[in-house]
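First comes the structure, then the notes that go with it.
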């Protein structure tokens, strides 16, 4: 299993996106807390973004055991993201 009890997060972002840049410290804090997080640049992995229905950045897909269980868009506070990760883990 990846991350905490099979939960992982994909963050779709872009280098030109100011809200994405602002999320960098939050993402690093969550990684340091043990969450499995992958950042995906929509300009470099456009096909993956399209396949996952990403239409805005930042977008976060939370997976549990390989399937999407939560989707969030826009800048988030650490508390909000970590709450969503915990909810996914505990569901």
Hey, among the residues in the range 25-42 that are out of contact with any helix residue (DSSP H, G or I) (no Cβ under 7 Å at 6 or more places or on another chain) and closer than 16 Å to residue 82 by Cβ, which one's surrounded by the most Cβ atoms within 10 Å (Cβ to Cβ)?
-> 27
If we ask which residues in the range 4-19 are touching a helix residue (DSSP H, G or I) at 6+ places or on another chain (Cβ under 7 Å), assigned to a loop (DSSP other than H, G, I, E, B) and farther than 10 Å from residue 42 by Cβ, their number turns out to be 1
Options 68, 54: the member that is in contact with a strand residue (DSSP E or B) (Cβ under 6 Å, 6 or more places away or on another chain), at pLDDT 95 or above, surrounded by 12 or more Cβ atoms within 10 Å (Cβ to Cβ) and under 19 Å from residue 17 (Cα atoms) = 54
Taking the range 15-47 on its own, how many of its residues are over 23 Å from residue 89 (Cβ atoms) and in contact with a strand residue (DSSP E or B) (Cβ under 6 Å, 6 or more places away or on another chain)?
-> 2
Starting from the range 33-58, keep only residues that are on the phi > 0 side of the Ramachandran plot and in a loop (DSSP other than H, G, I, E, B), then list their pairs with residues that are modelled with pLDDT under 95 and surrounded by 15 or more Cβ atoms within 10 Å (Cβ to Cβ) whose Cβ atoms are within a distance under 9 Å, requiring at least 6 positions of separation or different chains.
-> 34/3; 34/4
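The values are calculated or read from the model by the stated rules, or taken from the named source; none is laboratory data. Keep in mind it's a predicted model, so treat the numbers as computed, not measured. Neighbour counts are summed over all protein chains in view; Cβ atoms, including those assigned to glycine, are modelled from backbone coordinates with ideal geometry.
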